[in-house]
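The values are calculated or read from the model by the stated rules, or taken from the named source; none is laboratory data. Here the structure is a predicted model, which means the values were calculated and not measured. Here the Cβ positions follow ideal geometry from the backbone for every residue, glycine too, while neighbour counts run over all protein chains shown. What goes into the accessible areas is simple: the full protein's heavy atoms, side chains included, and nothing from ligands, DNA or RNA. Shrake-Rupley method; radii C 1.70, N 1.55, O 1.52, S 1.80 Å.
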Amino acid sequence: QVKLVESGGGLVQAGGSLRLSCAASGTALSINVMGWYRQAPGKQRDLVATITSAGSANYGDSVKGRFTISRDNAENTVYLQMNSLKSEDTAVYYCKGERFGYVYWGQGTQVTVSS
């Protein structure tokens, strides 16, 4: 069974940086698409960024130029480098993996940006 485990969340001041990690376990095969979504209280879960196993990345409009997604295919791990953080980036960040029509979610990690 594929399991995604996030780490790296926390409290940071506005303008600061954080790096999130998400490691997939329970599979020896590469997960085709990995990515990050976030959900603030009372709001829907939105796209932050995704990346394919070939390295093609896609970003949500609100994070373009500030966040960078990357992955280590050998380790089935995806990273999210978040710079120039704003208070509106405060949310629970979820890791998502997609492979062969199956979708996997992590448990989420809280990111709080204080102004």
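Looking only at the range 60-115, which residues are in a loop (DSSP other than H, G, I, E, B) and within 19 Å of A14 (Cα to Cα)?
Here is the first cut: in the range 60-115, the residues in a loop (DSSP other than H, G, I, E, B) are 60, 64-66, 76, 83-86, 90, 100-101, 106-108, 115.
Passing the criteria: K64, G65, R66, N83, S84, L85, K86, T90, S115.
Scanning the range 30-41 for residues that are outside any loop (DSSP other than H, G, I, E, B), of a type outside the set (S, T, N, Q) and open to solvent by 20 Å² or more (accessible area, probe 1.4 Å) yields V33, Y37, R38.
Checked against (1) part of a strand (DSSP E or B); (2) modelled with pLDDT under 95, Q1 passes all but condition (1). Taking the criterion of being among the aliphatic types (A, V, I, L, M), surrounded by 14 or more Cβ atoms within 10 Å (Cβ to Cβ) and in a loop (DSSP other than H, G, I, E, B), would at least one residue in the range 42-59 satisfy it? Looking for residues that are among the aliphatic types (A, V, I, L, M), surrounded by 14 or more Cβ atoms within 10 Å (Cβ to Cβ) and in a loop (DSSP other than H, G, I, E, B), one finds none in the range 42-59, hence no. Picking from residues in the range 72-93 that are crowded, with 21+ Cβ neighbours inside 10 Å and more than 18 Å from G16 (Cβ to Cβ), the one that is modelled with the lowest pLDDT is N76.
For the range 5-29, a residue qualifies if it is surrounded by 14 or more Cβ atoms within 10 Å (Cβ to Cβ) and farther than 30 Å from S115 by Cβ, and the qualifying residues are A23, A24, T27. Of the numbered conditions (1) free of Cβ contacts under 8 Å to residues at least 40 places away in the same chain; (2) of a type outside the set (K, R); (3) over 20 Å from R99 (Cα atoms), Q39 fails exactly one; give the number of that condition. Failed condition: (1).
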